[in-house]
Amino acid sequence: MVFGMFEKLKRILREVVDVVTTKQISVKEFDEKYADKLIIDLVESDVALPVAEEIVSELRSTISNIRVRRGIDVQEYLRNEIKRIIRQVFRNVGSIDLENELKKRNLTIIVFLGVNGVGKTTTIAKLGYRFRKLGYRPLFVAADTFRAGAQEQLKEHGKRLGIPVFSRPYGTDPAAVVYDSIVFAKQNKFDIILVDTAGRMHTDIDLMDELRKIIRVGKPHYKILVVDALTGNDAVEQAKLFNDKIGVDGVIVTKLDADVKGGTILSVVHTIRKPVLYIGVGQKYEDLRRFDVDWLIDTLI
Ligand SMILES: Nc1nc2c(ncn2[C@@H]2O[C@H](COP(=O)(O)OP(=O)(O)OP(=O)(O)O)[C@@H](O)[C@H]2O)c(=O)[nH]1
Ligand SMILES: [Mg+2]
């Protein structure tokens, strides 16, 4: 992992703790000198504006509490409060333990959504690797039948991992590919279907219409949105769009290994209120981790 993951957000939070601890600032001083700058700094670290405002407003009441509570370890108190504030973003978003869910049925169908380049195909390969290690039999499905090379990329991963790839000639209706793949998976006793979809449309068919058709026909158990941590606000906009147009059950955030800012996960979760299931932390098959709020909080503070 690259040194400096989330460095920007970490530094901002560290500075807040330092200022409040050493200067013992009042709420008035905080409002006048720090609050606005803090919001801007947070937004520049990919923390969405409503989340940044919430953090600053909570911090404000924390500072006013410090004055009342004499004899406490201010630094310790502040750090715990910041942890609590961040944890709050994840309250009531639910969770999906995919690895446990797989046990519940013979065949689990998962469709991966996301714009081009976010890391859908790579993430599917990583998950296939992971599930197979757990003893399952995954099948990859190439449902991007438009972009030249899309199927080959998935097949290359399949070959390396020894995981079969279901595909049909380019130009085939992706929903038909998914339908046929389910029949095939049932006949051949696969446990999991991982469907790779297009991130961009090369014809005048609307991508969202096509994805909706895939969902209608494939009736997946999970619709997982993949977003790229490095894209910050774009990731938030994509999350909103896909969740509104198609419905998202959970999110995978990729490229965190290269993310020096750190706010994307907070912003996406706060915006669509859906859980992050996994995070991508590199380009190797092992570089996928289950997302854990405590890990994020401990990394940030
Ligand atoms: N550093 C890093 N790179 C990643 C990660 N996940 C994916 N990538 C890289 O991101 C690039 C794009 O990944 P793809 O999996 O091809 O993206 P995609 O969403 O399938 O793209 P389209 O098929 O064009 O829609 C590749 O170079 C991947 O190696 C990650 O967690 N960390
Ligand atoms: Mg792809």
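What follows is calculated from the coordinates using simple rules that are stated; it is not laboratory data. All figures in this text were calculated on a predicted structure; none of them were measured in a lab. Ideal geometry is used to build each Cβ from the backbone, glycine not excepted, and the neighbour counts take in all protein chains shown.
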Here the alpha-carbon Rg of segment 1-45 over 2.2 N^0.38 Å rounds to 1.30
Largest first and rounded to whole Å, the semi-axes √(5λ) derived from the alpha carbon gyration tensor of segment 7-89 read 20, 13, 12
Rounded to the nearest 500, the 222 nm mean residue ellipticity computed for the chain from DSSP H runs (n ≥ 4, each -39500 (n - 2.57)) alone is -15500 deg cm²/dmol
For segment 1-143 the translational diffusion coefficient, Stokes-Einstein from a Kirkwood Rh over Cα pairs at 4 °C and viscosity 1.567 mPa s, in µm²/s, is roughly 69
The Kirkwood hydrodynamic radius of the chain, taken as the inverse of the mean 1/r over all distinct Cα pairs, in Å, comes to 20.6
Least to most buried among Phe90, Phe166, by other C-beta atoms within 10 Å and fewest first, runs Phe90, Phe166
With +1 at each Lys and Arg Cβ and -1 at each Asp and Glu Cβ, the charge dipole magnitude of segment 98-300 around its Cα centre, to the nearest 20 debye, comes out at 780
The long-range amide H neighbours of Phe291, using H built 1.01 Å from N in the peptide plane and a cut-off of under 5 Å, are Tyr278, Ile279
One computes Rg over Rh for segment 159-283 from alpha-carbon atoms, with the Kirkwood Rh, and obtains 0.99
The rounded separation in angstrom of the Cα centers of segment 71-125 and segment 135-212 is 26
Checked against a 18 Å limit on the C-alpha separation, the offending pairs among Lys37/Lys83; Lys104/Lys186; Lys133/Lys219; Lys103/Lys284; Lys133/Lys159; Lys126/Lys255 are Lys37/Lys83; Lys133/Lys219; Lys103/Lys284
Mean Cβ-within-10 Å packing, highest first, puts peptides 238-250, 112-124, 28-40, 67-79 in the order 112-124, 238-250, 28-40, 67-79
